Each structure stands twice: as structure tokens, then as C-alpha cells.
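A.B. asks: Shown below is the structure under consideration.
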Amino acid sequence: MPEFTINGEKRDVDVPPDMPLLWMLRDLLGMTGTKFGCGIAQCGACTVHLDGVAVRSCQLPVGRVGNRAITTIEGVGNTPAGAKIQKAWIDLEVIQCGYCQPGQIMSAAALLTGNPAPDDADIDAAMAGNLCRCGTYVRIREGIKHAARS
Amino acid sequence: MRRNLLLLAGAIVVLAAAIIGRMVFQPGPYSFAGGTQVELASYPDKTVTGVPSELATADPRSRADYVIRMADCEACHTAKGGKPFAGGRPFVLPFGTIYTPNITPDPETGIGKWTDAQFLDAVHKGIAPDGSRFYPAFPYASYTMLTDADVLAIKAYLFSLPPVKQPNKPNTFGFPFNQRWLMGIWSAFFNSDKRFRPVREQGPVWNRGAYLVEAAGHCGECHTPRNLMQALDQRSKFAGGVAEGWNAYNITGDRVSGIGGWSDAELASYLSTGHSQGRGGASGPMGEAVALSLSKLTRSDLAAIITYLKTVPAIRSDRSPQPAGPAPASPKLASIDNPVGKRVFEGSCAACHAWTGAGAIVEEARLTGVRAVNDPTAANVAAMILNGAGKPGTGRPYMPAFAASYSDTEIASVANYVTARFGAAKSDITPKEVARLRRQN
């Protein structure tokens, strides 16, 4: 049975290699924090981290995960950047309906890990693939800057 | 004065004759190999034509099924979303649009009433049962090399299909291209009407490869450039051509532009799965060729194709330069002034392809090192963005089609951004060219 490291825990999951990681997380493991949005890597709602890098889990077959550590929205608060982003999100009340926000937080945390002081262009480049139909983009940008300052 | 004029006129006539002669008198598709081409019957090995050794004991139905895959009839004779082999697929050519005919056994709208002799004439000579001529969009100049037995195996397969009632669509060619009889003259020059003749000095694997590549696979129909008379220019064999607006790349033995630098394993992976690590994937018409034909071939046939291809003389071409190396991870590149392209890339492309171009999710999304991205025309990059590739939810790599999401200007801009960031040279594809690609696919 394939073994995965998810939020620091080893998990054996009986899963066919061509199943998208998002399916495994939500349907087999019941980790429903990661959301299904478009299913074609165009909205960012399903974003998780593989070794700290933001990846769209709807387009990643589990057979391609390899030894990389998976971090989801359930575990990102245990990483330094993830904790900062979550606090900023609460401080500034970034969220409106919330559906896209697990993906937004995962992308923002990955950005902050690689770039502790991102400017507007850096934020555009990292966050443009995460859509928010409530239009919370202005608060997301502020939230990232707030987290970077904290 | 008068004498000079006469001399000039004479020189022009001689020059014109030389140019036309060069166009008309083409070397044979595999005469580059030299040697003596002999009758098939006098070549000792009997596995050059027909099915490969793996299927030597197969029943006629399985053999017919294999032979039609070798010739890949389905790709062209099926419309998007249409019934297989019922035709209706448009080909937008400089002279108008031509639609492939229905080749299911329906007696009225298909080929149900055709005799064996009529079917052979169509495939070998490009002549329909009513005596009219087919356009060479139907690759009979290649299929003419197929043996009678293989052509009739194809017919047997087609006649085993359920008949589909679907009338053929007339083409939109204007004068003089609507004159089908002219194709008789074209055929006299450019269709040898000769069955495959093995090269005596070459082994059975090479000859099998030649038969698969030249006769059945008709690879040159896309990969060899055409001259003014729309015939294959065999002197630039496999140096790269065009298919439905997509560039069909150089597959000569050249190490930079062609496949000379590819290992046998890389070629086998590309042909059988449509992808080779670090080399990129087959999309557009080549994606179809892989899905419907090449992926169905046996290992021995893939090996034969590779053996043959590796002997094709090397030609260097501008469209296939040495690919550029990896791109920087930082999104900020002062050298690229293309804000529209960057905006589209960061919103729709970066999540899968990554700012390094190495692929963010799966290796198949790698942009660096790929022919299309290093092609200074950016035609295939734009065609890929318009059409996407694969289907979602299959567990196979997938890219959505962006034709409905972005304007011609946006698609041209992001295609130029991609070549500038990840390719050997920046491209300058225009919105007008993108619009033309939209119409062709």
C-alpha cells in the first residue's frame, strides 16, 4: 500500500496511482478542508503544499507524489509562514464566503516561505491563479503584507 | 539588342524548366538509402509488410484491426465529436475547405457498394468508383506503396463496422482548384502508383520501418515540406512541414533540429505514450497520431520505425534550434516587456507550468527543452493554448483549451511571453495569425 506523509503523519492509503490527490484527501481520508473548485487547475481552491511548494491537488495523480511531504490547510498552521498568514487573515477579516480561502492561504503561505517581504508584483505572480468570486483580493493582498510585517 | 532579349528569354525558359523539372522529378521517399529496390516477392524476409511477428498467428479480424491502425485512417475520417470513420472532418487549406468522406459501409453515403478493385483504385491511385479524382489531402501518394493484401485488410475492417448514414460535405474550392480532373495530372507526376519495394541491401527491420513510415504511417505528409505544386519535397525529407496550422517538426537525423540526439528509449516513449521526459509531448495532429495509431503498434514495429527514422539524412532547420536551458524561478524578468502576456501567464499558466517552466504539478507540463517553445514562430504554442490537450478526470495529463477564455491579442501575447521566457528566442506571433489558427482547428 502506498505511504504518504500528510501534515507530518505517515498514512498508508489504498489508492490507485492515477487518482488525483484531492480525491484521496477529501473522499478517502475525509480531509475536506481542501476544496474542489474547477477540477482543471484554473482556480486554486484545491491548493496544497508538496515539500512547501504550492501545488494544485486536483491535477496531481497520487502516483506522482513520491516522497514529498504533503501539507494541507488542516496542517499549515503548524508551519511558521502558515501561522502568520492565518493570524493576518483573522486580524484583517479577509474571508467573505470562505470557499476559496483554504487555497488562498496555502498559496500565500508558500509565497511567504520563499519570499519573506513580497511586493505587489510578487503577490500578483504567486496569487493570480487563486480566484475569489467574492472579490476579497484587496484584503488578501493586505493580509499577505500584514503577515510579512508581523 | 534583339539578340540580348532572345538570350534573356531563352535563359528564363531554361531556368523555369529547371525549376519545374526539379519540382516534378522528385527522388523516391527512401531512395536516400541507396541500394537496389527489389520486388517484394524476391526479398527473402516475409515480415516487411502486413502485420508484425507478434501477430503472425492472429486471426484475420485482429490482423485487419492492426493494419488500419498502422495506416491511421480514423484520425482524418472522423469529425470532432462525430462517429468514427463517418468523415466530415474539415481541413482548411489555402484553396478552401475540404471535408473527409464517410468510409463506413453505408451503401448510399459511405463505401458500402465499393468492390475490392474500386477500393484498391481509390487507395493506390486516388480514383473514385465514378472515375473522378481525389485530392491529395487523401495521402494516396503514400498509400500507393501499401500491398494489395494490406489495402484489402483495411477494407475488411471498414466493412465490419456498423454503417453510418451521413452524407459527405462538398468542399469549398474555387476555380481552378475545383477541377478534380487536374488531380490526374498531379498524380501522373507525383503518385508513383508503385507498391513498396524493399531495399535488398537493408535488413528486414529497416525495410519494415520504411514500410510503416512511408507507406502506412505516411509521416512525410506532415513532416516533409511541400513545393508549389503541393507535392512532398523529398530533397528536404522530414525537415518539417505544417498540419492544420501546427508545425510538424523536423524528424531527420540532425542532432539539434531533428531526432538524432534522442535515444531509442526516448523515441519509443514519445511514439507509444505521446510523451518523452525532457523532450515534451505530442499534441494536435501528432497527439491524434499517437492516440489512434502509434500507441497501438507492437514493440517490434516501434523498433522498426526508430531504426528507419535514424537513417534519414540530417537537415538543420531554423524552426528547431538548440533549446534554451532552464528559466529563472523569479517571476520578474526585466528582459521581457510584455505585461499582457505576463498577466495571462500568471493567472492561467503558472500554476501548472511553474515560473521555471519545469512543470509545477507533473513533468508533462514542462515547457523548457520542448520543441514548440523553442520554435521562433510560436505557432504550436498558440495552437496548444487555443486547443488544450487531453481530457480532464482521466488521470492523464490535461490542459484546458483557452480559445473561449482569451482574445487573439491575449493569446498572441502569452505565446510570445512563453517563447521569450522559456525558449531559445522570443517570437512575434500576431493576433491575426492566432485568428487564422482558430479557424484551422
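Read the figures in this text as sums done on the coordinates, not as results from a lab. Here the structure is a predicted model, which is why all the values come from computation and not from measurement. Please note: Cβ atoms are built from the backbone with ideal geometry, for glycine as well, and neighbour counts cover all protein chains shown.
A.B. asks: What nm distance separates the two modelled labels at B:Ala16 and B:Lys432, each placed 7 Å from Cα along Cα→Cβ?
C.D. replies: Calculated label separation equals 3.1 nm.
A.B. asks: Now a separate question. Have a look at A:Ala128, A:Ala54, A:Ala108 and tell me which one the Gaussian network model of chain A (Cα, springs below 10 Å) gives the largest fluctuation.
C.D. replies: So, out of A:Ala128, A:Ala54, A:Ala108, the one fluctuating most is A:Ala128.
A.B. asks: How much of the calculated P(r) for segment B:1-84 lies past 19 Å, in percent of all Cα pairs?
C.D. replies: Result for the distance tail: 71 percent.
A.B. asks: Sticking with this structure for a sec: Mean-square fluctuation check for chain B, GNM, Cα pairs under 10 Å: which of B:Leu161, B:Leu333, B:Leu271 is largest?
C.D. replies: Highest fluctuation among the options: B:Leu333.
A.B. asks: Enter the angle in degrees (range 0 to 90, nearest 10) between the Cα long axis of helix B:2-24 and the first principal axis of the Cα atoms of chain B, meaning the one along which they spread out most.
C.D. replies: The angle comes out at about 90 degrees.
A.B. asks: Could you state the orientation-averaged shadow area of the convex hull built on the Cα atoms of segment A:76-149, in nm² to one decimal?
C.D. replies: If you wrap the Cα atoms of segment A:76-149 in a convex hull and average its projections, you get 4.1 nm².
A.B. asks: Using only the Cα atoms of segment B:131-215, each taken as one equal point scatterer with no solvent, compute I(q) by the Debye sum, divide by I(0), and report log10 of the ratio at q = 0.12, 0.14, 0.19, 0.27 Å⁻¹.
C.D. replies: Debye intensities relative to I(0), on a log10 scale: -0.54, -0.71, -1.04, -1.27.
A.B. asks: Mind checking the alpha-carbon convex hull of segment B:337-391 and giving the volume per residue in Å³? Show your work: numbers first, answer last.
C.D. replies: Working: hull volume 5.4 nm³, N = 55.
Per residue, the Cα convex hull of segment B:337-391 comes to 99 Å³.
A.B. asks: Additional query: So which trypsin sites (Lys or Arg not before Pro) in segment B:378-434 pass both tests, a DSSP loop state and at most 16 other Cβ atoms within 10 Å of the Cβ?
C.D. replies: Sites meeting the loop and neighbour criteria: B:Lys426.
A.B. asks: Run the quick spin-label model on B:Leu7 and B:Ser42: label points 7 Å from Cα toward the beta carbon, then report their separation in nm to one decimal.
C.D. replies: Each label point lies 7 Å from its Cα, and together they span 5.1 nm.
A.B. asks: Cα centroids of segment B:283-309 and segment B:87-163: how far apart, whole angstrom?
C.D. replies: Going from one Cα centre to the other spans 22 Å.
A.B. asks: What whole number of Å gives the distance from the Cα centroid of segment B:332-359 to the Cα centroid of segment A:1-45?
C.D. replies: Result: 27 Å between the Cα centres.
A.B. asks: Projecting each Cα onto the charge dipole of the protein assembly as shown (Lys/Arg +1, Asp/Glu -1 at the beta carbon, about the Cα centre), which of A:Cys100, B:Gly220, B:Phe85 comes out farthest on the positive side?
C.D. replies: B:Gly220
A.B. asks: Measuring from the lowest to the highest alpha carbon on each principal axis, how far does segment B:3-47 reach, largest first, in angstroms?
C.D. replies: Rounded to whole Å, the extents work out to 62, 13, 13 Å.
A.B. asks: Quick check: Cα centre of segment B:362-441 to Cα centre of segment A:91-111, how many Å?
C.D. replies: That distance is 30 Å.
A.B. asks: Next up: May I ask you to derive the FRET efficiency for B:Glu201 and B:Phe175 from their Cβ-Cβ distance with R0 = 41 Å, giving the value to the nearest 0.05?
C.D. replies: That gives a FRET efficiency of 0.30.
A.B. asks: For peptide B:336-348, how many partner chain Cβ atoms fall within 10 Å of a residue's Cβ, on average? Display every interim value, and only then the final one.
C.D. replies: On the way: counts 0, 0, 0, 0, 0, 0, 4, 2, 1, 3, 7, 9, 4.
The per-residue average across the peptide is 2.
A.B. asks: What value in Å³ per residue do you get for the convex hull of the alpha-carbon atoms in chain B?
C.D. replies: With only Cα atoms used, chain B gives 179 Å³ per residue.
A.B. asks: Taking 37 °C and 0.692 mPa s as the conditions, I'd like the Stokes-Einstein D for segment B:295-365 in µm²/s, using the Kirkwood hydrodynamic radius from alpha carbon pairs.
C.D. replies: My calculation gives 206 µm²/s for D.
A.B. asks: Roughly speaking, what is the stretch gain from B:Arg61 to B:Ala265, that is 0.36 nm per residue apart minus the C-alpha to C-alpha distance, in nm to one decimal?
C.D. replies: Values: separation 204, 0.36 × 204 = 73.44 nm, distance 3.08 nm.
Net length gain for the segment: 70.4 nm.
A.B. asks: Looking at segment B:364-441, I'd like the Rg to Rh ratio, where Rg is from alpha-carbon atoms and Rh is Kirkwood's inverse mean 1/r. Mind showing how you got there, number by number?
C.D. replies: Details: Rg = 12.2 Å, Rh = 12.6 Å.
In segment B:364-441, Rg relative to Rh is 0.97.
A.B. asks: On the Cα set of the protein assembly as shown, report Rg and Dmax in Å, please.
C.D. replies: For the protein assembly as shown, the Cα-based Rg and Dmax read 27.9, 96 Å.
A.B. asks: Moving on to the next point. Only sites in a loop by DSSP and with at most 14 other Cβ atoms within 10 Å count here; which chymotrypsin sites (Phe, Trp or Tyr not before Pro) in segment B:134-188 make the cut?
C.D. replies: B:Trp181
A.B. asks: Still on this model: Diagonalise the Cα gyration tensor of segment A:3-71 and give the resulting equivalent ellipsoid semi-axes, square root of 5 times each eigenvalue, largest first, whole Å.
C.D. replies: Over the Cα atoms of segment A:3-71, the semi-axes work out to 17, 13, 11 Å.
A.B. asks: Would you mind telling me which residue in B:Thr298, B:Thr368, B:Thr57 has the biggest mean-square fluctuation in a Gaussian network model of chain B, where springs connect alpha carbons within a distance under 10 angstrom?
C.D. replies: The residue that fluctuates most here is B:Thr57.
A.B. asks: Tilt of helix B:60-71 relative to the longest C-alpha principal axis of chain B, in degrees (0 to 90, nearest 10)?
C.D. replies: With rounding to tens, the tilt is 60 degrees.
A.B. asks: Something else: With +1 assigned to the C-beta of every Lys and Arg and -1 to the C-beta of every Asp and Glu, and no other charges, what is the dipole magnitude of segment A:3-71 about the Cα centre in debye, to the nearest 20? Don't jump to the answer; show the numbers that get you there.
C.D. replies: Working: 7 positive and 7 negative charges, 50 e Å.
The dipole magnitude comes to about 240 debye.
A.B. asks: Beyond 22 Å, what percent of the Cα pairs of segment B:204-309 remain? Spell out each step's value before the answer.
C.D. replies: Values: 1337 of 5565 pairs.
Roughly 24 percent, once rounded to a whole number.
A.B. asks: Rule-of-thumb check for segment B:188-258: C-alpha Rg over 2.2 N^0.38 Å?
C.D. replies: 1.19
A.B. asks: For B:Lys391 paired with A:Val138, estimate the spin-label separation in nm (one decimal), with each label point 7 Å from Cα along the Cα-to-Cβ line.
C.D. replies: 4.5 nm
A.B. asks: Hey, got the dipole for the protein assembly as shown? About the Cα centre, +1 on K and R Cβ, -1 on D and E Cβ, debye to the nearest 20?
C.D. replies: Values: 59 positive and 50 negative charges, 238 e Å.
So the dipole magnitude of the protein assembly as shown works out to roughly 1140 debye.
A.B. asks: If you average 1/r over every pair of different alpha-carbon atoms in chain A and take one over that average, what Kirkwood value in Å do you get?
C.D. replies: This gives a value of 15.3 Å.
A.B. asks: For helix B:299-309, what angle does its Cα long axis make with the longest principal axis of chain B, in degrees from 0 to 90 and rounded to 10?
C.D. replies: Taking Cα atoms only, the helix is inclined about 80 degrees.
A.B. asks: Still on this structure, please answer the following. Given 20 °C and 1.002 mPa s, compute D for segment A:39-78 with the Stokes-Einstein relation, Rh being the Kirkwood radius over Cα pairs; round to the nearest whole µm²/s.
C.D. replies: Answer from the Stokes-Einstein relation: 204 µm²/s.
A.B. asks: To one decimal place, what orientation-averaged projected area in nm² is obtained for the convex hull of the Cα set of segment B:55-190?
C.D. replies: Dividing the Cα hull surface by four gives the mean projection, 8.4 nm².
A.B. asks: Along the charge dipole of segment B:310-387, which of B:Ile336, B:Pro376, B:Gly347 sits closest to the positive end, that is, farthest toward it, with unit charges on the beta carbon of Lys, Arg, Asp and Glu (+1, +1, -1, -1)?
C.D. replies: Highest projection toward the positive end goes to B:Pro376.
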